[in-house]
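The values are calculated or read from the model by the stated rules, or taken from the named source; none is laboratory data. Being a predicted model, the structure only gives us computed values, none of them experimental. Neighbour counts are summed over all protein chains in view; Cβ atoms, including those assigned to glycine, are modelled from backbone coordinates with ideal geometry.
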Amino acid sequence: MAIDPVCKMDVEEGGAQHRLEYQGKTYYFCSAACRNAFEKSPGKYLKEKPWWKFW
């Protein structure tokens with residue numbers, strides 16, 4: 001199970017219709033809209049939050 005980096009939904013990797021390889025890693029998406037948003041601005045969705053933002 002993968003997590004869509006845009007909307008954070010669970011995506012079954014084996015049946016995912018929408019996927020994209022970026023910097024050697026495959027990302028899976030719930031829809032074409034999420035894949036397109038990621039493709040336009042991957043850095044926006046891959047930024048890690050500082051540990052204190054999780055509290």
Could you please find all residues in the range 1-10 being in a loop (DSSP other than H, G, I, E, B) and either β-branched (Val, Ile, Thr) or under 14 Å from residue 33 (Cα atoms) (or both)?
4, 5, 6, 7, 8, 9
Filtered residues of the range 11-28 (kept if outside any loop (DSSP other than H, G, I, E, B), surrounded by 11 or more Cβ atoms within 10 Å (Cβ to Cβ) and either of a type outside the set (Phe, Trp, Tyr) or in contact with a Cys (Cβ under 8 Å, 6 or more places away or on another chain) (or both)):
11, 18, 19, 20, 26
Mind counting the residues in the range 33-55 that are basic (Lys, Arg), under 15 Å from residue 3 (Cβ atoms) and modelled with pLDDT of 90 or more?
1
